[in-house]
Every structure is written in structure tokens, then in C-alpha cells.
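*Asks:* Right, I'll just put the structure down here and ask away after.
The values are calculated or read from the model by the stated rules, or taken from the named source; none is laboratory data. This one's a predicted model, so the numbers in the text were calculated from it and none came from an experiment. All Cβ positions, even for glycine, are placed from backbone atoms using ideal geometry, and neighbour counts span all protein chains on display. When the accessible area is computed, the model is the full protein with side chains, heavy atoms only, and any ligands, DNA or RNA have been set aside. Shrake-Rupley method; radii C 1.70, N 1.55, O 1.52, S 1.80 Å.
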Amino acid sequence: MSNSMKITAGQTTTRTLTDLIRAMDGQRATTITYVDSKGDESVRTIEIHNILTTSKGGIIVRAMCRTRGEMRSFTLEQIKAYTVHRIRFVLAVPEENAADVTPLAHFVATAQELVDLELERDYPAPKLKLAA
């Protein structure tokens, strides 16, 4: 993975998600440029521990922020650019946030399989019961 800055508007959401999930799986620090709800732009280096989807289809990145030293949530739409680094995670997840972290490795061949895996994890198919 390259250390060059990637602009999210210049690529598909699938490509952005694939890169961020690979960063999470490889425990690689990621620097993001994001715009908060007030419109203020900020640059942060984060350690991604979980990527979730909301019931409305939004994507949430849960990560330890190296600037604040705490678990933070970023919506994918807020992330305007990112760089995945070679440096590994260095922050410990606080105990109160340990339930938010699901360290899963994803071994898939394509970006679409990775997205399908994430959606299945967040929205599991209902288990059918056979009538006796």
C-alpha cells in the first residue's frame, strides 16, 4: 500500500473502504483529512479498530485518535483524504471501549467480497427455523 495521499472524491467508496479495512487488518496507522459537522477541516492520525454500517447505510469508522488518545467515530462521508502508513498501532484501547473493537481479519479475493463480508457481519441474515 502506497504512502501517497488518496482523495476520496477521486475514487469509489468500495476502493476507499477496501484501503481502510486493509489498514485495520494490518494494524497500520492512517492519517485522514476530515470535515466535522461544523464544516471545520482537521488532519488526524488514527488507528482503525472497527468499520460499521448504520441501519440507513452510512459507514462509521471507529478508531483510536493519536491526537486525542481516545476512541473516536468518523463517518466515511467526513473523510476527504487519507494515507495509510507502514507504522503499526501504538495506542491501547481503553477498557470501556473494548466492546466496540472486533478484531477480525478479512481474507477475500475482491473488494466486493470484502464489502459483502462487512455487510453480512453488521446485518446478519435471519436464521430460519424449520417447522416440525
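*Asks:* Select from the range 17-32 the residues that are of a type in the set (S, T, N, Q) and assigned to a strand (DSSP E or B) and write down the one among them that is farthest from the chain's Cα centre (by Cα).
*Replies:* Looking at residues that are of a type in the set (S, T, N, Q) and assigned to a strand (DSSP E or B), I get Thr31.
*Asks:* With the condition kept exactly as written, say whether any residue in the range 33-51 is under 18 Å from Glu120 (Cβ atoms), out of contact with any Gly (no Cβ under 8 Å at 6 or more places or on another chain) and part of a strand (DSSP E or B).
*Replies:* yes
*Asks:* Related question: For the range 25-41, name all the residues that are small (Gly, Ala, Ser) and surrounded by fewer than 17 Cβ atoms within 10 Å (Cβ to Cβ).
*Replies:* Gly26, Ser37, Gly39
*Asks:* Got a number for residues in the range 54-73 being surrounded by fewer than 17 Cβ atoms within 10 Å (Cβ to Cβ) and of a type in the set (Val, Ile, Thr)?
*Replies:* Final tally of qualifying residues: 3.
*Asks:* Consider the range 71-98. How many of its residues are at pLDDT 90 or above, over 13 Å from Asp36 (Cβ atoms), within 16 Å of the chain's Cα centre (by Cα) and part of a strand (DSSP E or B)?
*Replies:* Number satisfying all stated conditions: 6.
*Asks:* Oh, and also: Just to be sure before I move on: is Ile51 at pLDDT 95 or above and either closer than 13 Å to Glu77 by Cα or of a type in the set (Val, Ile, Thr) (or both) in the structure I sent?
*Replies:* It is false that Ile51 is at pLDDT 95 or above and either closer than 13 Å to Glu77 by Cα or of a type in the set (Val, Ile, Thr) (or both).
*Asks:* Of all residues in the range 1-16, how many are open to solvent by less than 50 Å² (accessible area, probe 1.4 Å) and in a strand (DSSP E or B)?
*Replies:* 1
*Asks:* From Arg22, Arg44, grab the single residue that is open to solvent by 50 Å² or more (accessible area, probe 1.4 Å) and among the basic types (Lys, Arg).
*Replies:* When all the criteria are applied, what remains is Arg22.
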